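Just so it is clear, none of the values below were taken in a lab; they were calculated from the coordinates. None of these values were measured; they are calculated from a predicted model. Every residue, glycine among them, receives a Cβ derived from its backbone with ideal geometry; neighbour counts consider all protein chains shown.
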Amino acid sequence: MSANRKKYIRWILDAALIAAILIYLDILQADTTAHSYAITIIERSCIYAVAAVSMNLIIGFTGQFSLGTAGFMCIGAYVTGILTIPVKMRDQIYYLYGMAGWLHDIRLPMLAALAISALICGVIAYVIGWPVLRLKSDYLAIATLGFSEIIRAIFGWDGLGKITNASYGVSNIPPFANIFECVAICGVSILIMSLLIRSSYGRAFKAVRDDDVAAEAMGINLFHTKQLSFVVSSAFAGVAGGLLAVFMRSAVTSTFTVALTYNILLMVVLGGIGSVSGSIIGAFLVTGSQEWLRFLDKEYFFSDLFPGLAGTAFGAARVPLLRNGFRMVIFSILLMVVVLFWNHGITGSRELSWERIAGIPAAVREKKKRKAEAAERRAREEAAAAALEKEVRGQ
Amino acid sequence: MSGQKEARETVLRLEDLTMQFGGVVAVNNLSMEVKKGEIVALIGPNGAGKTTAFNCITGVYQPTNGRIEFQGQTLMEGCPAGRVAKSYAGENAGKYTKNTHHSPDEICRAGIARTFQNIRLFPGQSAFDNVLVAKHMRAKQNPFTATFGLNHKEEKRMREETWELLRDQNLDGFADYPAGSLPYGMQRRLEIARALATDPTLLCLDEPAAGMNPQETLELSDFICKIRDQYHLTVLLIEHHMNLVMGISDRIYCIDFGRLIAEGTADQVANDPKVISAYLGMQEVV
């Protein structure tokens, strides 16, 4: 197949995928009350996908183990929240501290608020990058984790109550106009990050990740490269935080604990470190499966499953293990299975592409063939060994 | 040396370079010159301080004392100060008064490219990407234009030049292969191609023939001469392999225990009794 034709087919498949997604979203949007559950899952997954890709940018593509995502998301959430709540509701929300006068009448549309969140997060990342990015691996992880907790403490501090409403958080944030708005913002954010990764700077990120000594010898300034990655990653973590605030219609510090960072790290690792498509898949899988497994949290009796047993002693017995919290047990076991069998994550460090999907059946066939060949070889060897033994015995 | 060579400008000059680690003086009072278009070798037995000198030139270490000049500009200058001054065991203390340091990436930008003794490619990335990333430094772009493809002309130029380099090195058939999967000799050539991609004036090769068989070594010496002429390079070579060094070097510096013990053409150095004793471990010849 010629390269041109391949490109053409790729275009068609891309367009078909986007059209399918749009049609699906349109179906959901047509009846929001009936599909509210699906809409919730999709919006949440998309938002986490932005956070996961931003984390992958710094961890997977630049090799800097930064765990400050929740902190930047917290900043993003508060900034977006504070700037978008309707002015007339502000006195009611800030009834305890009273909103600061200069801030009271500033209200921005969501997009502008998100942009400002990104900007503020970027600037903060730039400033804390100076000391923090001189650290490596575990030390960097600890420093950024600490930063994230400090941010949480600052936003929960009474002294800033006039701005952040302290531990009460910000609520009544106007929701998304429709599901398209949320998905589009997430899509554009991820697109910008992937474009950066595909650019010359992305190649520099990967060089720093693979071998910083060699990268430096090639004229790549380690510090500037790491800082660029950190700033962009943090800015988009801020966007993700802002989106999460809009999605939940509130911003409270208790959302942005270390557990959130780990949850996002889980998506990154599960999807594939160093793969944008992997992070997106990871975000959808983790968010989705936590919902799909919810049936495990419900207590069942045998008579619920087999109506014929109703009234008998067996029917009144409980199905063992199924009760509140069991979902997380299964979820953890599933995770372990995935990590054991796909230890590079679902997509590995390569991107998912149409060629790769088309190649899966061939790869499976190849694997089967190799297995069969190995078995055949083993059988032949065994037969030869048996023949030899016979011969030896015969003598 | 002929009169014409005398007239050539000096590309790299080391003046009284001394590098001390704790109480060990790894490089002691080393002075040398590399002139434009030359292939100069720095040889010496194991532990003589070759790689330390090399690491000073490429910015990995800051010299304890002495100066390194590149194309007339001071690249590195060190003077023993503070605690080091008390334990300083080298010579010429007090001759240099400044501390100037440039990081490896700044030195690369200035025009000194290097390869590594133990090959340091980006093993998981394709051979093409390995070379392409070295073009990043000199590209006219910023993160914004690069992200949104506003630098497509620059990007196209970078890719074309990378192809050209790979073709020159006969590596274009392996452009899509992960660098780590290539055979050893090819990885060496790829690393040199990557160094060439930074448009250097001076190419520093750290033991390029390490781990090569005689045939590969022979090819390598032709290859080094070829790229010198093709890219108008000056080459500084650190090597163990005497065959390679004797065959291609215009001048050779030999060091032992950090000190310069001989310099001159291949014949001069090869017949120098000090060099012979250093290599064969005979009694010190006075």
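Sort B:37-43, A:89-95 by the packing proxy (mean of other Cβ within 10 Å over each peptide's residues), most packed first. Let's see the in-between values first.
Details: B:37-43: 23.1, A:89-95: 15.7.
Per-residue mean Cβ counts within 10 Å order the peptides as B:37-43, A:89-95.
Summarise the partner chain shielding of A:224-234 as one whole number: the mean count of Cβ atoms from other chains within 10 Å of each residue's Cβ.
Values: counts 1, 2, 0, 0, 2, 1, 0, 1, 2, 0, 0.
Mean inter-chain Cβ contacts per residue within 10 Å come to 1.
Just from its helices, what would the mean residue ellipticity at 222 nm be for the protein assembly as shown, if runs of 4 or more DSSP H residues each count -39500 (n - 2.57) and the sum is divided by every residue, rounded to the nearest 500 deg cm²/dmol?
Values: 30 runs with 386 residues, N = 681.
That calculation yields -18000 deg cm²/dmol at 222 nm.
How large is the charge dipole for the protein assembly as shown, taken about the Cα centre, if only the Cβ atoms of Lys, Arg (+1) and Asp, Glu (-1) carry charge, to the nearest 20 debye?
Roughly 1440 debye for the protein assembly as shown.
Largest first and in whole Å, what are the equivalent-ellipsoid semi-axes of the stretch A:353-395 based on the Cα gyration tensor, each being the root of 5 times an eigenvalue?
Over the Cα atoms of the stretch A:353-395, the semi-axes work out to 41, 4, 4 Å.
Work out the mean other chain Cβ neighbour count within 10 Å for the residues of B:138-150 and drop it here as an integer. Mind showing how you got there, number by number?
Numbers: counts 1, 2, 0, 3, 2, 9, 1, 2, 9, 13, 4, 3, 0.
Across B:138-150, the average partner-chain Cβ count within 10 Å equals 4.
For the pairs A:LYS206/B:LYS140; A:LYS226/B:LYS140; A:LYS88/A:LYS162; A:LYS226/B:LYS135; A:LYS206/A:LYS226, note any where the Cα-Cα span goes beyond 22 Å. It would help to have the intermediate numbers written out before the result.
On the way: A:LYS206/B:LYS140 20 Å; A:LYS226/B:LYS140 19 Å; A:LYS88/A:LYS162 16 Å; A:LYS226/B:LYS135 18 Å; A:LYS206/A:LYS226 10 Å.
Long pairs (Cα-Cα over 22 Å): none in the table.
Mind checking the mean number of beta-carbon atoms from other chains within 10 Å of the Cβ atoms in B:105-112?
Values: counts 11, 3, 3, 6, 3, 1, 1, 2.
Across B:105-112, the average partner-chain Cβ count within 10 Å equals 4.
Please give the peptides A:276-282, A:388-394, A:345-351 ranked by average Cβ packing (other Cβ atoms within 10 Å per residue), highest first, as a rough proxy for protection.
Final packing ranking: A:276-282, A:345-351, A:388-394.
Report, as a whole number in µm² per second, the diffusion coefficient that Stokes-Einstein gives for the stretch B:119-199 at 10 °C and 1.306 mPa s using the Kirkwood radius over alpha carbon pairs.
Working: Rh = 12.8 Å.
It comes out at roughly 124 µm²/s.
For the stretch B:1-147, build the charge dipole from Cβ charges (+1 Lys, Arg; -1 Asp, Glu) around the Cα centre, then report which of B:PHE21, B:GLY90, B:ALA113 sits farthest towards its positive end.
The Cα lying farthest towards the positive end belongs to B:ALA113.
Sort by residue number and report every cysteine in chain A with no other cysteine beta carbon within a distance under 4.7 Å.
Lone cysteines by the Cβ rule: A:CYS74, A:CYS121, A:CYS182.
Along the charge dipole of the protein assembly as shown, pointing to its positive end and built from +1/-1 on Cβ of Lys, Arg, Asp and Glu, which listed residue (B:GLN73, B:ILE276, A:TYR94) has its Cα farthest out?
A:TYR94
Need one number: nm distance between label points at A:ALA184 and A:ALA363, each 7 Å from Cα along Cα→Cβ, rounded to one decimal.
Distance between the two pseudo-spin positions: 3.5 nm.
With everything on Cα atoms, drop me the angle between helix A:200-210 and the longest principal axis of chain A, reported from 0 to 90° to the nearest 10.
60
At 0.36 nm per residue, minus the direct Cα-Cα distance, what do A:SER2 and A:GLN29 gain on full extension? Give it in nm, one decimal, please.
Details: separation 27, 0.36 × 27 = 9.72 nm, distance 4.04 nm.
Gain in length upon complete extension: 5.7 nm.
Aspartates and glutamates within cross-link reach of B:LYS98: Cα-Cα under 18 Å, excluding same-chain residues under 8 positions apart?
B:GLU15, B:ASP16, B:GLU69, B:GLU77
Show me B:260-272, A:8-20 ranked by packing, highest mean number of other Cβ atoms within 10 Å first.
Working: B:260-272: 16.6, A:8-20: 11.3.
The most tightly packed comes first, giving B:260-272, A:8-20.
Would you please give the residues with an amide H less than 5 Å from that of B:MET76, counting only those at least 5 places away or on a separate chain, with H modeled from the backbone geometry?
B:ILE68
For helix A:258-271, report the angle its Cα long axis makes with the longest principal axis of the Cα atoms of chain A; keep it between 0 and 90° and round to the nearest 10°.
40
How high is the FRET efficiency from A:LEU321 to A:TRP11, r the C-beta distance, R0 45 Å, rounded to 0.05?
Numbers: r = 49 Å, r/R0 = 1.10.
My answer for the efficiency is 0.35.
Could you quote the convex hull projected area for the protein assembly as shown, Cα atoms only and averaged over all directions, in nm²? Write out the running numbers ahead of the final one.
On the way: hull surface 198.7 nm².
Projected area, direction-averaged: 49.7 nm².
Taking only Cα atoms, what is the 0 to 90° angle, nearest 10, from helix B:152-168's long axis to the longest principal axis of chain B?
Here the helix axis deviates by roughly 60 degrees.
Would you mind classifying the stretch A:1-150 by shape? Square roots of the alpha carbon gyration tensor eigenvalues, ordered a ≥ b ≥ c; an a/c under 1.5 is rounded, otherwise it is prolate if a/b is larger than b/c and oblate if not. Each step should come with its number before you reach the end.
Details: a/c = 2.46, a/b = 1.20, b/c = 2.05.
In terms of gyration-tensor shape, oblate.
Which length gain, in nm to one decimal place, applies between A:VAL339 and A:ARG356 when the Cα-Cα distance is subtracted from 0.36 nm times their residue separation? Before the final figure, lay out each step's value.
On the way: separation 17, 0.36 × 17 = 6.12 nm, distance 2.09 nm.
This chain segment gains 4.0 nm when fully extended.
Hey, got the dipole for the stretch A:353-395? About the Cα centre, +1 on K and R Cβ, -1 on D and E Cβ, debye to the nearest 20?
Values: 12 positive and 8 negative charges, 43 e Å.
That gives a dipole near 200 debye.
In nanometres, what is the gap between the two model label sites at A:MET89 and B:LYS140, each 7 Å from Cα along Cα-to-Cβ?
5.1
Under 19 Å from a point 7 Å along the Cα-to-Cβ line of A:LEU135: which residues of the stretch A:176-220 have their amide N that close?
In the stretch A:176-220, the label zone of A:LEU135 (backbone N under 19 Å from the point 7 Å along Cα→Cβ) covers no residue.
Percent antiparallel among DSSP beta bridges with both residues in the protein assembly as shown, to the nearest 5? Write down the numbers at each step before the final one.
Values: 28 of 44 bridges.
The answer is about 65 percent antiparallel.
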